[in-house]
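What follows is a short report on a single structure.
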Protein chains: 2
Amino acid sequence: MSTFQTLPGFREFYPGDCAVRNFIFDHFRRTAKSFAFEEYDAPIIEPMELFTAKSGDEIVSQLFNFEDRGGRQISMRPELTPSLVKMIGNRANAMKKPIKWFNIGEQFRYERPQKGRLRSFYQFNADIIGDDSPGADAEIVALAIQTLRNFALTRSDFRVRLSDRKLWAAFFESHGLDGTDTQAALVAIDKSEREGEAKTLEAVEKICPSNAGKIFEGIQRLKNVHSPRDLEKFCATCENLADAASGCAEFFALLKRMDEFGLSDFVTIDFGVVRGLAYYTGFVFEIFENSGQSRALAGGGRYDNLFGKLGYSGLPAVGFAIGDVTLGNLLGEKNLIPPLPREVRCFIVYTEQTEKIAMAKVIALRERNVDVDYCLSPTSFGKQLKAASQVGAKFAIIFGDEEVKANGVKIKNMLSGEEKPVEISKLAEVISQ
Amino acid sequence: MSTFQTLPGFREFYPGDCAVRNFIFDHFRRTAKSFAFEEYDAPIIEPMELFTAKSGDEIVSQLFNFEDRGGRQISMRPELTPSLVKMIGNRANAMKKPIKWFNIGEQFRYERPQKGRLRSFYQFNADIIGDDSPGADAEIVALAIQTLRNFALTRSDFRVRLSDRKLWAAFFESHGLDGTDTQAALVAIDKSEREGEAKTLEAVEKICPSNAGKIFEGIQRLKNVHSPRDLEKFCATCENLADAASGCAEFFALLKRMDEFGLSDFVTIDFGVVRGLAYYTGFVFEIFENSGQSRALAGGGRYDNLFGKLGYSGLPAVGFAIGDVTLGNLLGEKNLIPPLPREVRCFIVYTEQTEKIAMAKVIALRERNVDVDYCLSPTSFGKQLKAASQVGAKFAIIFGDEEVKANGVKIKNMLSGEEKPVEISKLAEVISQ
């Protein structure tokens, strides 16, 4: 006889695990609602073309994709953004802007499972569509920060690294690089975090042999910019960067709004962050936790070209995603997930003689939204009270033969052991308090 | 330029749709919790063998199944029960019985999409594992009934049809049919609801030509049993049915408990229900709505052999599922889904001069779990108040230049138009009330 396994990178949620997942989801949802974001959802499976249209064919090797019985090439979603663009793109004219939407949903990527990375994981996605202002950028960053803070994570636990692809693009343009070369250079900068700066120099030499030294030196300087003043200086001293300096105005406006929000302390300027994904067009950010492991908790930015790229009328867009796996690990390590034991308000204890009236009260209490458990068949008081304490009952309500004859029951506080008599007719009232 | 479609039988949930889905899920969850069921979840994808082991290879034509990049034959789940059995089977020894679990999750079946039937749908599943008593059966039926009642559906909207496969099995055994023939006869009875009784007779003649008339007559008699008294009579007059009569004791115990619960009015005895699925071993039930369309809302029953069949130690089990599609249609038709408009508690109205203090309050209020929206960039008061009413704000909080100079703001009730001044320092307190 065989028994069955779960697929690698997928999770089962036993009730204790499910309680933790719900705890995390509830915080996502509550924070999003406090920011006046509306919840939506998209299908778990979409035509595969939707994902390759955004990310190119390279993404296929990471997809759970297949041909369905109708001959359609379909894929489980590796991310939510393309579906978001589809939903809004198909109805954009009828919708008031800005659109502030969030989702908590499962995503699927065929990757090698490892700590912090699974094949199935949940993401909290939040996006603002139809507003190109730095105010929208700031609202997105603030939501990401407040989400983490609502888990009781503090400034010492995480930091937001804020960067801007527009500034990088202006810098490369001022050194004569075209769009493709700029993209290659950004990929090299993205990789340098993991692979070291020598690799960046190598890549720059490949992209622009004639001017590599100067470009590399500029890259180093921009990566060392960590304050608005540094940034102004950089723009002033860099040749041909007047455009970038004016482009910086939006970046400064974002910083100003973060300051007004009282959230400056969480934010660092860090142009080492560029986000590998080609579709970002403006400011980008990543949130890292501050321990030695420095894992990424969240990432996002502005992507004003994606609606157009997927064939829809252009709409400015900005958003982020927080995954549940790394965040869950961090919350666990910091003891920020409270014990979530099974809890039941009442456990009804009864005899064969009192079964009829006891069972009527089981339903009557549940109708008042009081959670009630009981032994499914009559058994000894001892066994029933043991069962009551196993399910975490707060009160046992004892329908003893003598008490019921006198129209009463005993309420036993399972923690203190204290018992008090109550008239049956007043039970619902007493216990719902 | 192309735009993208959603796959047939899959749904997008725009915020209004998502609110309805959450309304339905919240009712499922709340009712399950009042019954002291614990929430769990299983992977959306499992090894395909898990599903064929339960249902045979015939199910494959209904699956979204494929080979993954690691060469595994996998499938999106068409139902939750096999995963439930796997999860409990793998840890049964360490778990206290009875296990009362529920799930609200997505299921996938490749069928022809039609009204009430989609390729992706949600099910509310609830099961009791490790208890073979009629008390467990009754708890399951009561949960199904109370779930529907909590949506404000009444006795006139739906009925529970209660039946018992054990009694059918005893009846066929008393007429000399073996297990395979009994299964075939049950399938014929299941089909007769849609295809008429002539087909049943045909099928019985095929299964047991020598005794078809008598068996068919017995089938008709049992299908006309609608009260405990009828049932006793049937057992008494039917030859060789002593076993069935004793087996009926459990069925009567279930009816007695439903009576104690005060839920008898919802229940009818109806042996025309046998449920096509071979894995049921005892009582079975279906819930139908009472309109002319008589759609099935829920179904379930006892399945004591499934753990053994999937290679685990035997455990008695009983459960049901309610789908979201037919139920959602019914609730819509009966106007039992309340309007769920977008609602925001506060909309902050500000000027360029008051932006700094207003934005600080945006975050401060959200930290107190008050939902707050505002225009992402400063604009005219008129436009801001229009935006406030578009998002369904209850209050506009107006940070006017003069008021703020005097450390005050105005709170405008968006419904009544009434305005009242408040000190900024008291704003959070006043608005969280």
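Beyond 26 Å between alpha-carbons counts as too far, so tell me which of B:Lys383/B:Lys420; A:Lys383/B:Lys309; A:Lys100/A:Lys166; A:Lys420/B:Lys256; B:Lys33/B:Lys54; B:Lys100/B:Lys191 fall in that bin. Write out the running numbers ahead of the final one.
On the way: B:Lys383/B:Lys420 20 Å; A:Lys383/B:Lys309 32 Å; A:Lys100/A:Lys166 24 Å; A:Lys420/B:Lys256 31 Å; B:Lys33/B:Lys54 29 Å; B:Lys100/B:Lys191 32 Å.
Long pairs (Cα-Cα over 26 Å): A:Lys383/B:Lys309; A:Lys420/B:Lys256; B:Lys33/B:Lys54; B:Lys100/B:Lys191.
What does the copy distance list look like for A:Ser425, label position 7 Å along Cα→Cβ, in nm and ordered from shortest?
5.4
So for the stretch B:2-130, considering every pair of alpha-carbon atoms, how many percent are separated by more than 21 Å? Spell out each step's value before the answer.
Working: 4222 of 8256 pairs.
Roughly 51 percent, rounded to a whole number.
Given H placed 1.01 Å from N in the peptide plane, which residues other than close sequence neighbours of B:Phe13 have an amide H under 5 Å from its amide H?
Hits under the 5 Å cutoff: A:Asp41, A:Ala42.
Taking Cα atoms, how many degrees apart are the long axis of helix B:242-260 and the longest axis of chain B, rounded to 10 and kept between 0 and 90?
20
Amide H neighbours of B:Phe271 under 5 Å, counting only residues 5+ apart in sequence or on other chains, H built in-plane at 1.01 Å?
Amide H neighbours of B:Phe271: B:Val225.
Nearest 10 degrees, 0 to 90: what angle lies between the long axis of helix A:197-207 and the longest principal axis of chain A (Cα atoms)?
50
Name the nearest-to-axis residue of chain B, judged by Cβ distance to the rotation axis taking chain B onto chain A, and quote that distance in whole Å.
Checking which Cβ lies nearest the axis yields B:Phe66, 2.
Can you give the average number of partner chain beta-carbon atoms within 10 Å of each beta-carbon in peptide A:362-371, as a whole number? Don't jump to the answer; show the numbers that get you there.
On the way: counts 7, 10, 2, 1, 10, 6, 1, 5, 1, 7.
What the average comes to for A:362-371 is 5.
I'd like the FRET efficiency for B:Lys97 and B:Thr154, computed as 1/(1 + (r/R0)^6) with the beta carbon distance as r and R0 of 30 Å, rounded to 0.05.
According to the calculation, E is roughly 0.30.
Keeping every protein chain present and rolling a 1.4 Å probe, give me the accessible area per residue for the protein assembly as shown in Å².
On a per-residue basis, the protein assembly as shown sits at 41 Å².
Under a crude label model (7 Å from the Cα following the beta-carbon direction), how far is A:Arg368 from B:Ser432 in nanometres?
The answer from the label model is 3.0 nm.
Of A:Ala184, B:Ser294, A:Ala387, which is farthest on the positive side of the dipole of the protein assembly as shown, counting Cα position, with +1 on Lys and Arg Cβ, -1 on Asp and Glu Cβ, and the Cα centre as origin?
Projecting each Cα onto the dipole axis, the largest value belongs to A:Ala387.
Counting only protein heavy atoms and a 1.4 Å probe, tell me what percentage of the stretch B:151-266's accessible area is made up of carbon and sulfur.
The computed percentage sits at 50.
Highest mean first, what order results for A:417-426, A:55-64, A:395-404 on Cβ atoms within 10 Å? Please list the in-between numbers first.
Working: A:417-426: 11.5, A:55-64: 14.7, A:395-404: 19.1.
Most protected by this proxy first, the peptides run A:395-404, A:55-64, A:417-426.
Give the calculated FRET efficiency between B:Glu217 and A:Lys420 to the nearest 0.05, with a Förster radius of 60 Å applied to their Cβ-Cβ distance.
Values: r = 61 Å, r/R0 = 1.02.
So the FRET efficiency works out to roughly 0.50.
Have a look at B:Leu336, B:Leu162, B:Leu306 and tell me which one the Gaussian network model of chain B (Cα, springs below 10 Å) gives the largest fluctuation.
Among B:Leu336, B:Leu162, B:Leu306, the largest mean-square fluctuation in the Gaussian network model of chain B belongs to B:Leu336.
Counting only protein heavy atoms, what percent of the accessible surface of the stretch B:344-431 is carbon or sulfur at a 1.4 Å probe?
Carbon and sulfur together cover 51 percent of it.
Using unit Cβ charges (K, R positive; D, E negative) and no other charged atoms, how large, in debye to the nearest 20, is the dipole of the stretch B:167-291 about its Cα centre?
80
What are the label-to-label distances in nm, one decimal and shortest first, from B:Pro341 to the same spot in the other copies, with labels 7 Å along Cα to Cβ?
4.6
What 222 nm value per residue comes from the helices of the protein assembly as shown, counting each DSSP H run with n ≥ 4 as -39,500 (n - 2.57) and dividing by all residues, nearest 500 deg cm²/dmol? Show your work: numbers first, answer last.
Values: 32 runs with 366 residues, N = 866.
About -13000 deg cm²/dmol.
Write down the Kirkwood hydrodynamic radius of chain B, to one decimal in angstroms, obtained as one divided by the mean of 1/r over all alpha carbon pairs.
Answer for chain B: a Kirkwood hydrodynamic radius of 25.5 Å.
Could you work out how far the C-alpha centroid of the stretch B:121-145 sits from that of the stretch A:341-381, in angstrom?
When both Cα centres are located, 16 Å separates them.
Nm distances between the label at A:Ser210 and the same-position labels in the remaining copies, 7 Å along Cα→Cβ, shortest first?
Here A:Ser210 shows inter-copy label distances of 10.0 nm.
So how long is each side of the protein assembly as shown along the principal axes, counting just the alpha-carbon atoms, biggest first, in Å?
104, 61, 48
How big is the B-A contact in terms of buried accessible area, both chains counted, 1.4 Å probe, rounded to the nearest 100 Å²?
Accessible area lost upon association: around 8500 Å².
If you find the alpha carbon centre of the stretch A:277-321 and of the stretch B:279-316, how far apart are they in angstrom?
Cα centroid of the stretch A:277-321 versus Cα centroid of the stretch B:279-316: 47 Å apart.
Running a GNM on chain A with Cα contacts under 10 Å, which residue among A:Ala406, A:Ala388, A:Ala138 ends up with the highest mean-square fluctuation?
A:Ala406
DSSP loop (so not H, G, I, E, B), at most 14 other Cβ within 10 Å: list which trypsin sites (Lys or Arg not before Pro) in the stretch B:97-141 pass both filters.
Numbers: sites: B:Lys100, B:Arg109, B:Lys115, B:Arg117, B:Arg119; in loops: B:Arg109, B:Lys115, B:Arg119.
Qualifying residues, ordered by number: B:Lys115.
Can you find, among A:Tyr122, A:Ala142, A:Ala317, the residue farthest towards the positive end of the dipole of the stretch A:15-333? Put +1 on the C-beta of Lys and Arg, -1 on that of Asp and Glu.
Farthest towards the positive end: A:Tyr122.
Projecting each Cα onto the charge dipole of the protein assembly as shown (Lys/Arg +1, Asp/Glu -1 at the beta carbon, about the Cα centre), which of A:Asn224, A:Ser75, B:Ile219 comes out farthest on the positive side?
A:Asn224
Treating only the Cβ of Lys, Arg, Asp and Glu as charged (+1, +1, -1, -1), what charge dipole size does the protein assembly as shown show about its Cα centre? Round to the nearest 20 debye.
So the dipole magnitude of the protein assembly as shown works out to roughly 880 debye.
In debye, nearest 20, what is the charge dipole magnitude of chain B about its Cα centre with +1 on Lys and Arg Cβ and -1 on Asp and Glu Cβ, if you could check?
On the way: 55 positive and 59 negative charges, 191 e Å.
For chain B, the charge dipole is close to 920 debye.
Return the long-range amide H neighbours of A:Val344 (sequence gap of 5 or more, or a different chain), with a cut-off of under 5 Å between placed amide H atoms.
So A:Val344 has HN proximity to A:Ala393, A:Lys394.
7 Å from Cα along Cα→Cβ at both A:Glu67 and A:Gln5: what's the point-to-point distance in nm?
My value for the distance between the label points is 2.9 nm.
Just to be sure I understand the model, the point goes 7 Å from the Cα along the line to the Cβ. What's the resulting A:Lys410 to A:Lys115 distance in nm?
5.3
FRET efficiency for B:Asp26 and B:Val60, Cβ-Cβ distance as r, R0 = 30 Å, nearest 0.05?
About 0.30, to the nearest 0.05.
Given springs between every Cα pair under 10 Å in a Gaussian network model of chain A, which of A:Val349, A:Val273, A:Val85 has the largest fluctuation?
Between A:Val349, A:Val273, A:Val85, it is A:Val349 that shows the largest mean-square fluctuation.
The values are calculated or read from the model by the stated rules, or taken from the named source; none is laboratory data. If you're wondering where the values come from, they're calculated on a predicted model, not measured in any experiment. Counting neighbours? That spans all protein chains shown, and the Cβs are built from the backbone with ideal geometry, glycine included. Just so you know, the surface numbers come from the protein's heavy atoms only, side chains and all, with ligands and any DNA or RNA stripped out. Shrake-Rupley method; radii C 1.70, N 1.55, O 1.52, S 1.80 Å.
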